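Undergrad: Structure provided below as structure tokens; questions to follow.
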Amino acid sequence: MIELDHLTKDYPGRTGPVRVLDDIDLVVQPGEILAVVGPSGAGKSTLAQCVNLLERPTSGSVRVNGRDLSRLSERELRVARRGIGTIFQSDGLQSRRTAAENVGLPLRYLGVTDRARKARVAELLDRVGLADRADYYPHQLSGGQRQRVGIARALALRPSVLLSDEATSGLDPETTRSITRLLKELRDDLNLSVLFITHEMDTVVDVADTVARIERGRIAEYGRLEDLLTSPESEVGEALISIDPDISTLFADSAHGVWQVSYGAADVRPDWLAHVSAEFGAHIGILQADVRVVHGAPVGWVVIQADADRACALETALRREGLAPKRLNAGASDAAAARVELEAVAS
Ligand SMILES: Nc1ncnc2c1ncn2[C@@H]1O[C@H](COP(=O)(O)OP(=O)(O)OP(=O)(O)O)[C@@H](O)[C@H]1O
Ligand SMILES: [Mg+2]
């Protein structure tokens, strides 16, 4: 379990300290994958480095399995770090060592006997699906296979926490999915707390239990994946559900209102649209729709259009079905109303 409490990190800058992480509170439970997203320079990697105490926090605490790492001496910290596995974008493998030797390195440093090490390495390579590649050198492996060797090595000392910083970036979608599938298996089989940093939104939907969005060192959004996906206010949800932004521009000046509706399938009737249509009593067009399976349950979103003059009636009908519509265009009638208001103010 990872617990960050009021974590703050300053780096020295030319004109004084620069705050890179500001008052971060996060918890990653055992058996949970937290995806951390945010623009370049937001502080994601710094966050990971604070969790394994490669960087000391300026203030606040970092607890791993209940132990406050920031209070440990360098020697105690070296021991505590064994409980934290880390994987990066570059696999960090030693090119002159085979896959098996790379995986065995952390055990060798600890002085584990040859026999015990061989057995553990075989078990780890089997775990990541590379039992038949033990004697291959990194250059003889694919990018995804090298990343798996990196994961096996990160697991060598039986950590309870796994940090992954852009570990799937640069891999093709199929290989990325095979890595995220492996991480989810490890989460479940080993009850790992996984901090998964990525900028790929598709990967977030695939892998995350919870999501934190970091913006200029602060947590801008934090919640369960399905809650963010179905929240009309969530920027993460917005980015994840990939609604074509041009749709609202296309209808900016039209007599049609355009709405986005996101929902968890468990929270609405399967035929909610038919019910809304019947109550609304006029044509509703579907511009875009999609369903993703999140944690075994469908999450859907749909972009609909209807007569803007009857916006209120439509929104009421949607709310009655337990849905929270979000208007995507201002609509011609709204624009006209705004113009009338403006003219009234001006005169
Ligand atoms: N060792 C350092 N000394 C000074 N400033 C640093 C140091 N490491 C990072 N920074 C600064 O901290 C900020 C956050 O960097 P960080 O690497 O955590 O961002 P990131 O979110 O991981 O970005 P990216 O998505 O590009 O990897 C940046 O402005 C960076 O310049
Ligand atoms: Mg980074």
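Undergrad: Pull out a ≥ b ≥ c, the square roots of the eigenvalues of the alpha-carbon gyration tensor of segment 232-333, then state rounded if a/c is under 1.5, prolate if not and a/b is larger than b/c, and oblate in the remaining case.
TA: oblate
Undergrad: Work out the charge dipole of the chain with +1 on the Cβ of Lys and Arg and -1 on the Cβ of Asp and Glu about the Cα centre, then indicate which of G104, V236, V258 is farthest towards its positive end.
TA: The residue sitting farthest along the positive end of the dipole is G104.
Undergrad: Among the GluC sites (Glu not before Pro) in segment 186-266, which ones are in a DSSP loop with at most 14 other Cβ atoms within 10 Å of the Cβ? Mind listing them?
TA: Loop-located and lightly packed - E233.
Undergrad: Within a 10 angstrom radius of the beta carbon, how do C50, C312 rank from fewest other beta carbons to most?
TA: C312, C50
Undergrad: Placing +1 at every Lys and Arg Cβ and -1 at every Asp and Glu Cβ, with all other atoms neutral, what dipole size does segment 152-216 have around its Cα centre, in debye to the nearest 20?
TA: The calculation lands at about 280 debye.
Undergrad: So, with +1 on the Cβ of K and R and -1 on the Cβ of D and E, and no other charges, what is the size of the charge dipole of the chain about its Cα centre, to the nearest 20 debye?
TA: 2220 debye
Undergrad: Would you list H256, H199, H295 from fewest to most Cβ contacts within 10 Å?
TA: Ranked by crowding around the Cβ, least crowded first: H295, H199, H256.
Undergrad: Using a 10 Å cut-off on Cβ atoms, rank the peptides 13-21, 101-109 from the highest mean neighbour count down.
TA: 101-109, 13-21
Undergrad: Excluding residues on the same chain fewer than 8 positions from K184, give the lysines whose Cα lies under 25 Å from its Cα.
TA: Excluding near neighbours in sequence, the set is K44.
Undergrad: For the chain, just say rounded, prolate or oblate: build the C-alpha gyration tensor, square-root its eigenvalues into a ≥ b ≥ c, call rounded for a/c under 1.5, and beyond that prolate if a/b exceeds b/c, oblate if not.
TA: Here the chain falls in the prolate category.
Undergrad: Output the 0 to 90 degree angle, nearest 10, between the alpha-carbon long axis of helix 332-346 and the longest principal axis computed from the alpha carbons of the chain.
TA: 70 degrees
Undergrad: Quick one: dipole size for segment 130-183, taken about the Cα centre, charges +1 on Lys/Arg Cβ and -1 on Asp/Glu Cβ, in debye to the nearest 20.
TA: That gives segment 130-183 a dipole magnitude of about 200 debye.
Undergrad: Another question, if that's okay. Y263: net charge of surrounding residues, Cβ under 11 Å, Lys/Arg +1, Asp/Glu -1, itself excluded?
TA: -2
Every number here is computed from the coordinates shown, using simple stated rules; none is lab data. In this text, all values refer to a predicted model and were calculated from it rather than measured experimentally. Here the Cβ is made from the backbone with ideal geometry for all residues, glycine too, and neighbour counts use every protein chain on show.
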